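All remarks here apply to the structure that follows.
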Amino acid sequence: MENLQEKVKKVQAQLQEKQNMYIDGEWVDSASGATREMINPATEEVIATVADGNESDAAQAVEAAYRSFYQDGWSESYARDRADKLFALANLLEERVEEFAIIETLNAGKVLDDAIYDIHDAVNQLRYYGGLATKPNGQTFDVPDNVQTLVIAEPVGVVGAIVPWNYPLLMAMQKLAPAIAAGCSIVIKPAETTPLTLIKFFELIDEVGFPKGTVNLILGDGASVGAEITRHPKVDKVTFTGGNATGKKIIQASADTIKKVSLELGGKSPLIIFDDADFEAAVDHASFAIFSNQGQVCSAGSRLILHESLHDRFMEALVALTKKIKVGNGLAKETDMGPLISKEHFERVLNYIAIGKNEGAELACGGNPIDGKGHYLEPTIFTNTTPDMRIVKEEIFGPVLVVQTFKTEEEAIALANDSIYGLAGGVFTNDSAKAMRVIKKVRAGITWINTYHNTYNEAPWGGYKQSGIGRDLGTYGLDQYLEYKQINMSLNVAPSNWIKNRD
Ligand code: NAD
């Protein structure tokens, strides 16, 4: 049996070869020949070099997807065949979970166990949508006039998918699997910092075999490649996961050609803890909610809303637990929290910590970078905050928790909803009626009672308010890639006689 170190070495050796894009069924370099180095955030070492595309590469990928869908017959592919391809992809990925997870850890700094979980989840997404591809998707209506009305679902066409760096392969599968199930052709762009697992996945796409141009991988930055996808007239639908500033640009860029757009954006999600909560579980989940994946989670519980009477005891336990979090390289067995994704992001999070201090919030623990190579930061908690502080209002997207207190249920709900975001939220209480009452009033799309972060591909994923438009996952996620057509068929072919006086 190979040990982990040997497996990592093998993966690193594979990554030495330059990684390319996959356009029109071929592995291709960027037209300009430009490349980009991939940095391991745990060591700051270069681990791979990838092709760096530009607008013309993106346009070429879109043209290929367009031809595949509109001219070469992919729009008329059979659901059964698409399902078979998704199951085949799931099986191939499942055989290589560890290899993909190691790449994810090397590229995104994830804790290896988390990366393994993510790849299994990606396998499940492929299977889920493989299953859904062949399920009923129409309706019939009983209407007057001797007409039969039916509704059929058809693929929306060419899909441009743009994904972020925090769950690189998972976010990509979340778009790719339902788009394939629906019968769309696709151009997908990973974040410029974390393309390695998706590039590897395209080896599986190549192995399973899709008609040329049906599934394309384009690499490059947002301002060139991403923007081209969002404005290209031959893209019918843009599906995006990422930050709000980019989301706004995407709405603007796609406005000219009225594309269908769905957006999964940021959050500043509240976790409300009542005084009757299971204390140990609540402390543990408060920590998990913010510090898992280094806080780089759109649905992170980044605002802890604590019942006033609990505050001192809860904070003492939470700080003690936080100090036990082991920060380090995601490949090490004992690591709980890895590095932040990049130097730039690390500095952005540090800047928020400085803002918090200047605003007068009190550091309960953490707040410092950890010396040495790698973008490591101590898990950080601010207390004594007020709702107007920037650290309370803005998404930090790092391991920084802000604590607020409340006296009444109404106050807890008001604090929870005092945000431009509405992605996620949670409540801990042993009073089940109160739990349901409160969670129903939290204006957010993904919620939890007496737990946090567990999510399932069967259920819709997305946000209220400025956290986005539309839903990924579940049947809702398939819907994004479908157009609905009503067909009204006369059962008695006869003139309409619409002209009153024909004689
Ligand atoms: P980002 O918006 O900077 O980048 C996301 C993707 O958009 C990248 O592939 C990037 O290259 C591309 N992009 C950048 N500018 C573009 C442009 N002008 N046109 C088209 N594409 C462009 O976000 P990020 O920093 O990679 O990810 C972090 C953000 O993503 C956080 O705000 C987080 O909350 C959000 N997120 C949301 C969800 C969700 O499901 N709601 C999930 C994960 C992350």
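The values are calculated or read from the model by the stated rules, or taken from the named source; none is laboratory data. All values derive from a computational prediction rather than experimental measurement. Backbone-built Cβ (ideal geometry, glycine too); neighbour counts: all protein chains shown. Surface accessibility is based on the protein's heavy atoms, side chains included, excluding ligands, DNA and RNA. Shrake-Rupley method; radii C 1.70, N 1.55, O 1.52, S 1.80 Å.
Out of GLY356, GLY426, I need the residue that is part of a strand (DSSP E or B), touching a Phe, Trp or Tyr at 6+ places or on another chain (Cβ under 8 Å) and buried (at least 22 other Cβ atoms within 10 Å of the Cβ). Which one? Spell out how you get there, then give the answer.
Numbers: GLY356 fails: part of a strand (DSSP E or B).
Residue meeting the stated conditions: GLY426.
Run down VAL163, VAL111 and say which single residue is within 16 Å of the ligand (Cβ to nearest atom), at pLDDT 95 or above and touching a strand residue (DSSP E or B) at 6+ places or on another chain (Cβ under 8 Å). Lay out the reasoning, then the answer.
Details: VAL111 fails: within 16 Å of the ligand (Cβ to nearest atom).
Answer to the check: VAL163.
Per-residue answers, yes or no, for (1) surrounded by fewer than 14 Cβ atoms within 10 Å (Cβ to Cβ); (2) in a loop (DSSP other than H, G, I, E, B); (3) within 26 Å of the chain's Cα centre (by Cα):
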{"residue": "GLU6", "(1), (2), (3)": "yes, no, no"}
{"residue": "GLY33", "(1), (2), (3)": "yes, yes, no"}
{"residue": "ARG36", "(1), (2), (3)": "no, no, yes"}
{"residue": "ILE47", "(1), (2), (3)": "no, no, yes"}
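When you look at LEU340, is it within 16 Å of the ligand (Cβ to nearest atom), closer than 14 Å to ARG303 by Cα and buried (at least 23 other Cβ atoms within 10 Å of the Cβ), yes or no?
No.
Specify which of the listed residues (PHE274, PHE279, PHE314, PHE210) is more than 16 Å from the ligand (Cβ to nearest atom) and touching a His at 6+ places or on another chain (Cβ under 7 Å). So that I can check it myself, show each step before the final result.
Working: PHE279 fails: touching a His at 6+ places or on another chain (Cβ under 7 Å); PHE314 fails: touching a His at 6+ places or on another chain (Cβ under 7 Å); PHE210 fails: touching a His at 6+ places or on another chain (Cβ under 7 Å).
Result of the check over PHE274, PHE279, PHE314, PHE210: PHE274.
Which condition number does ARG303 fail, the rest of (1) closer than 19 Å to PRO270 by Cβ; (2) of a type outside the set (Val, Ile, Thr); (3) more than 27 Å from the chain's Cα centre (by Cα) being met?
(3)
Could you give me the residue pairs with C-beta distances under 7 Å whose first residue belongs to segment 451-476 and is within 15 Å of VAL297 (Cβ to Cβ), whose second residue is open to solvent by 50 Å² or more (accessible area, probe 1.4 Å) and modelled with pLDDT of 95 or more wherever it lies, and which are 6+ apart or on separate chains?
TYR452/PHE288; HIS453/PHE288; TRP461/ARG471; GLY462/ARG471
Among the candidates ASP256, ASP284, single out the residue that is over 30 Å from ALA361 (Cα atoms) and either more than 9 Å from the ligand (Cβ to nearest atom) or touching a Leu at 6+ places or on another chain (Cβ under 7 Å) (or both).
ASP256
Kindly indicate which of ALA61, ALA101 is open to solvent by less than 10 Å² (accessible area, probe 1.4 Å), under 22 Å from GLY330 (Cα atoms) and among the hydrophobic types (A, V, I, L, M, F, W, C). Steps first, answer last, please.
Details: ALA61 fails: under 22 Å from GLY330 (Cα atoms).
Step by step, each of ALA61, ALA101 is checked, and only ALA101 is open to solvent by less than 10 Å² (accessible area, probe 1.4 Å), under 22 Å from GLY330 (Cα atoms) and among the hydrophobic types (A, V, I, L, M, F, W, C).
In segment 255-282, which residue that is in a helix (DSSP H, G or I), in contact (Cβ under 8 Å) with a residue 12 or more places away in the chain and of a type in the set (A, V, I, L, M) is least open to solvent (accessible area, probe 1.4 Å)?
ALA282
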